[in-house]
Amino acid sequence: MADVTGYTAIVTGASKGLGKAITLRLAQGGARVFAAARSQEALQKLANENPDHILPVTCDVTQSDQVQHLIHTAVKQAGKLDILINNAGLGHFGKVQDLTEEEWDQMMDVNLKGVFLACKYAIPHLIRQKGHIVNISSIAGTVTFPKGGGYCASKFGLMALSDVLTQELKQKEVRVTTVCPGSIQTEFFGEAGPKPYYLQPEQVAEAVYTAVAAPKEVIFNQIVMRPQVPPEQQK
Ligand SMILES: NC(=O)c1ccc[n+]([C@@H]2O[C@H](COP(=O)([O-])OP(=O)(O)OC[C@H]3O[C@@H](n4cnc5c(N)ncnc54)[C@H](OP(=O)(O)O)[C@@H]3O)[C@@H](O)[C@H]2O)c1
């Protein structure tokens, strides 16, 4: 079975939810994972689960200097970078007239600019390794819905950025994978909480793992995955 032994990876938004599950899966597969987020304590707790393979780095992906520090730290400590997982993200949901400017800016800054910054500074290192970028988008990057004005705009933007990266990097044999999950059982939904039938973060992490562990000549360009909604709860 393919594994990722010896690979160096960065996962953003690794302190909880999907990013934490991806970090644990890559570490279990043998990668050295630089786990990034703003919550230092949560990252340290995560690193304690697999200290040989998980290294915490505090980083707000909206801040260029912190993103540069993250990439510098990984390359300096590991000597290379093979995999960049752009997972950090958040959603605010409301009709356009009800979304605050702060909510709009936060979604664009984290979901879109954060990915741009990480790619911008990681790409020279990824080219050297013929590496891999995974962008965590969403079903909301493929279809729109009321109250998703800001979130869908940020994730549709991410789809465009991913497509451009695919085209710009294919000559360099850097693979780009965009993952579009439906609802996942994480803290993403705030007080509303997740529904029991939502995807498990580990199920999405397994899809990410399949893409990055695949032989170099196999490209998973896009992975779209949805939970099985019980028939009585389907719209
Ligand atoms: N849950 C879903 O239903 C769902 C569905 C489709 C796609 N997604 C996408 O999946 C990704 C992960 O979401 P999740 O469900 O795991 O949400 P989550 O449980 O709320 O976790 C979000 C993660 O992003 C990090 N983050 C937020 N702002 C950040 C910043 N400025 N800099 C660095 N890290 C930041 C958080 O860490 P800190 O707070 O410690 O910084 C946390 O680790 C997101 O891109 C989301 O859009 C989620």
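Yes/no matrix, rows are residues, columns are (1) over 23 Å from D105 (Cβ atoms); (2) of a type outside the set (D, E, K, R); (3) not in a loop (DSSP other than H, G, I, E, B):
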{"residue": "I133", "(1), (2), (3)": "yes, yes, yes"}
{"residue": "F145", "(1), (2), (3)": "no, yes, no"}
{"residue": "Y151", "(1), (2), (3)": "no, yes, yes"}
{"residue": "S154", "(1), (2), (3)": "no, yes, yes"}
{"residue": "L158", "(1), (2), (3)": "no, yes, yes"}
{"residue": "L161", "(1), (2), (3)": "no, yes, yes"}
{"residue": "T166", "(1), (2), (3)": "yes, yes, yes"}
{"residue": "Q171", "(1), (2), (3)": "yes, yes, yes"}
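Within region 201-235, the set of residues being within 14 Å of the ligand (Cβ to nearest atom), free of Cβ contacts under 8 Å to residues at least 24 places away in the same chain and assigned to a loop (DSSP other than H, G, I, E, B) is empty.
Per the listing V110, V176, the residue uniquely in a strand (DSSP E or B) and either in contact with a Ser or Thr (Cβ under 7 Å, 6 or more places away or on another chain) or acidic (D, E) (or both) is V176. Answer yes or no as to whether G131 is open to solvent by less than 20 Å² (accessible area, probe 1.4 Å) and modelled with pLDDT of 95 or more. Yes; evaluated as a whole, the condition is true for this residue. The residues of region 21-45 that are surrounded by fewer than 24 Cβ atoms within 10 Å (Cβ to Cβ), free of Cβ contacts under 8 Å to residues at least 60 places away in the same chain and assigned to a helix (DSSP H, G or I), listed by number, are Q28, Q40, E41, A42, Q44, K45. Evaluating I85 against the criteria (1) open to solvent by less than 40 Å² (accessible area, probe 1.4 Å); (2) within 11 Å of the ligand (Cβ to nearest atom); (3) in contact with a Gly (Cβ under 6 Å, 6 or more places away or on another chain) leaves one unmet condition, (3).
Scanning region 65-80 for residues that are open to solvent by 40 Å² or more (accessible area, probe 1.4 Å) and either away from the ligand (no atom under 15 Å from the Cβ) or farther than 15 Å from L126 by Cα (or both) yields D65, Q66, H69, H72, K76, Q77, G79, K80. Residue pairs whose Cβ atoms lie under 9 Å apart, separated by 6 or more positions or on different chains, with the first residue in region 179-194 and among the charged types (D, E, K, R) and the second near the ligand (Cβ under 6 Å from one of its atoms) and in a loop (DSSP other than H, G, I, E, B), are E187/K16.
Among the residues of region 96-106, at least one is open to solvent by less than 80 Å² (accessible area, probe 1.4 Å), among the hydrophobic types (A, V, I, L, M, F, W, C) and more than 8 Å from the ligand (Cβ to nearest atom). So is C180 more than 15 Å from the chain's Cα centre (by Cα), open to solvent by less than 40 Å² (accessible area, probe 1.4 Å), over 19 Å from T62 (Cβ atoms) and not polar (S, T, N, Q) or not? No; evaluated as a whole, the condition is false for this residue.
Would it be correct to say that V110 is more than 13 Å from the ligand (Cβ to nearest atom), of a type in the set (A, V, I, L, M, F, W, C) and within 14 Å of the chain's Cα centre (by Cα)? No.
The values are calculated or read from the model by the stated rules, or taken from the named source; none is laboratory data. Keep in mind that what you see is a predicted model, and the values were worked out from it rather than measured. Heads up, the Cβs are rebuilt from the backbone with ideal geometry, glycines too, and the neighbour counts pull from every protein chain shown. Note: accessible area is taken over every heavy atom of the protein model, side chains too, but ligands, DNA and RNA are not part of it. Shrake-Rupley method; radii C 1.70, N 1.55, O 1.52, S 1.80 Å.
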